[in-house]
Each structure stands twice: as structure tokens, then as C-alpha cells.
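In what follows, a structure is listed as C-alpha cells, so that the remarks can point back to it.
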Amino acid sequence: MRITGTFLDEISHDIPHQNWGREEWDRDFAHMKAVGIDTVIMIRSGYRRFITYPSAYLQKQFGCYEPPVDLVKMYLELADKHGMNFYFGLYDSGHYWDSGDMQGEIDANRYVIDEVWSQYGHYKSFKGWYLSMEISRRTKGATDAFRTLGLQCKQVSNNLPTFISPWIDGKKAVMAASGQLTKADAVSVEEHEKEWSEIFEGVRGAVDAVAFQDGHIDYHQLEEFFAVNKKMADRFGLQCWTNAESFDRDMPIKFLPIKFEKLRLKLEAARKAGYDKAITFEFSHFMSPQSAYLQAGHLYNRYKEYIQSL
């Protein structure tokens, strides 16, 4: 299973920023292209007060800082140059995490969707939308948010595809800021199927693909959960992608590039389950030869050897 897409983690609120400019990003797109990546997904257009493009609405409504570089424009230009597809990730105000109220995220993004499409929709590489609310099975209001925003994205852009990347509530589904690596109350496969079937029923027609994050369950559970994910996606007319996390959740240091053997186990499980596409979070920090982490370049080399052997 080849990785053909990657998130672009532009805000880096829990991963160190690499302070790249256009030249470094241009080189990174070339490194991505060299291993078969054809899709880049800006994971979010902003988080709290930090944003990726000079949004008049977000600066006025949330007091966001004016960014020194229009990253949306730069990513689209680089995607055009390198022949890649670009997916735009919605805004995260952070208010949901504080209040539990998803309505604020819906209200903010209804403006963002229209603003972004009017400014950037003409780029050749603008090929879809990422509904960036990271949720699991019991996130209050998530179904309504995905449905409302997904339908609006499709309406304004002549039905460009949308996708989501939720997490499985497994034993490694702990908060990034926590010192814990695992928890006791992990979801069963049966509960996972029941609860996500209800969510998928509620987002029919608004979401085109689901890319479950693969790092919250143990490696021996991959086959069983992946088979259920594919069954549900087929049942509800969704493409089934995998978000093959290229960072390691098993270490006390958060977060470092993953051991290649673990990444391979996850990719092989996705291949066996018949998944449609593999994307990763995320190439530039954890797989790039020019990453701040030396191990990332070695992971890139091991991954190149792997795909050459397929």
C-alpha cells in the first residue's frame, strides 16, 4: 500500500514548527512527488488566533493574527507546479474544545468556506475539502457539523469531494498533552461499528471519504478494525482511506518519527482490507529528508526501499 497523500501541518500547535519558507516547501513537494504523493491536505486553515491566509472575517471575528505569508496561496501555487491535488482544511476556533459546543465551529466555517472559495477556487489544484474537526464516536454535534459544512463545501465548489479523518477510540486514544500512553476504557470492534454506522448514516451525501487515524489501536487489532471500517464505508457509499500516522504514539516523547516496521504493519493491514487510498500525518515532519528530525530522512529511505519492492 503506497502513501499517495499527506497532511500539511501548517499551524504546528503541538508539533514544533520548522520555520520553512517557500524554497524549503518547494523542495518538500518535490520529495513528496518522488515517492508517489499526489495529494496534499492542509490540515486546518487556522487554530485559535493563528491562521494560514489573511482572512478578514477571522481577524475581525476571532481576533486572529494576520499571517506574514499567505500559506494557502503558496500551497496552491506549489501544488499547481508539482501537479498535485490540494484539499483545503477548515478552521478550528478552539472554542469547541473549551465549551463542548460544536455550533460555533459550524457558524465560523460557513463564512470561511465562502471566503476561501471566492479567493482561491480558481486554482487548478484546488480539488477538495477536508472537514477538519477531529472527532471520535461520542463527539456531541459532530454529525450535524459534518453534514452542514460538507454540503456547503460541495454546493459552492460544484461538488468537489470532502473527507474526514476521525480517530478510533482505542487504548492509545489519550490526549496529546497527557503523560499517559494508553487508557483502560477502549472501544470494542462491535461498539465502533454500531456508533460509526449511525454517524455515516447521518452524513450521507455530505462526506465522500473517511480516513480513520490508525494510531489509536494496537498493531494486532489493525486487521479486525480495518475490515469493519471498509465494510461500513462500502455500506454507506464512502471511499475508505487510511490515515497512516508516520509518528510514533508508543513512546513517552511526543512526537517522533515512527519505526518503519510499525508503519509497514499499518500499510499492509490497509492493503489487505482493500482500502482505496493511504494518506499520512504527516510527511514534512516525520518522513521528509529535510525534516528537523534526522530519523525522518531515514524513514524516507526505508519507505522508498519498501515501495520499490512492491
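Here are a few things to note about the model shown:
- Among strands (runs of 3 or more DSSP E) entirely within region 209-302, having at least 1 residues that are of a type in the set (F, W, Y) and in contact with an Asp or Glu (Cβ under 7 Å, 6 or more places away or on another chain) singles out 239-243.
- In region 153-166, the residues that are without any contact (Cβ under 8 Å) to a residue 40 or more places away in the chain reach residues that are open to solvent by 40 Å² or more (accessible area, probe 1.4 Å) with C-beta atoms within less than 8 angstrom, at least six apart or across chains, in these pairs: L160/K127.
- Single match in D26, D14 (criterion: part of a loop (DSSP other than H, G, I, E, B) and not basic (K, R)): D14
- Within region 172-205, the set of residues being within 21 Å of L222 (Cβ to Cβ) and open to solvent by 70 Å² or more (accessible area, probe 1.4 Å) comprises A184, D185, E190, E191, K194.
- When the test is whether a residue is of a type in the set (V, I, T), open to solvent by 10 Å² or more (accessible area, probe 1.4 Å) and in contact (Cβ under 8 Å) with a residue 12 or more places away in the chain, V210 does not pass it.
- Of everything listed in (1) surrounded by 15 or more Cβ atoms within 10 Å (Cβ to Cβ); (2) of a type in the set (A, V, I, L, M, F, W, C); (3) under 17 Å from M1 (Cβ atoms), the single unmet condition for A296 is (3).
- Test: residue in region 146-165 that is closer than 20 Å to A206 by Cβ, within 16 Å of the chain's Cα centre (by Cα), outside any helix (DSSP H, G or I) and of a type in the set (S, T, Y): yes
- Pair list, Cβ < 7 Å and 6+ apart or interchain, from region 8-36 residues that are farther than 20 Å from L299 by Cβ to residues that are open to solvent by 50 Å² or more (accessible area, probe 1.4 Å): I11/F50
- Residues (closer than 23 Å to I164 by Cα and free of Cβ contacts under 8 Å to residues at least 12 places away in the same chain) located in region 58-97: H95, W97
- Any hit, region 275-289, residues being open to solvent by 70 Å² or more (accessible area, probe 1.4 Å) and in contact (Cβ under 8 Å) with a residue 24 or more places away in the chain: yes
The values are calculated or read from the model by the stated rules, or taken from the named source; none is laboratory data. This is a predicted model, so every value here is computed, not measured. Neighbour counts run over all protein chains shown; Cβ positions are idealised from the backbone, glycine included. Remember, those area values only see protein heavy atoms, side chains included, never the ligands or the DNA or RNA. Shrake-Rupley method; radii C 1.70, N 1.55, O 1.52, S 1.80 Å.
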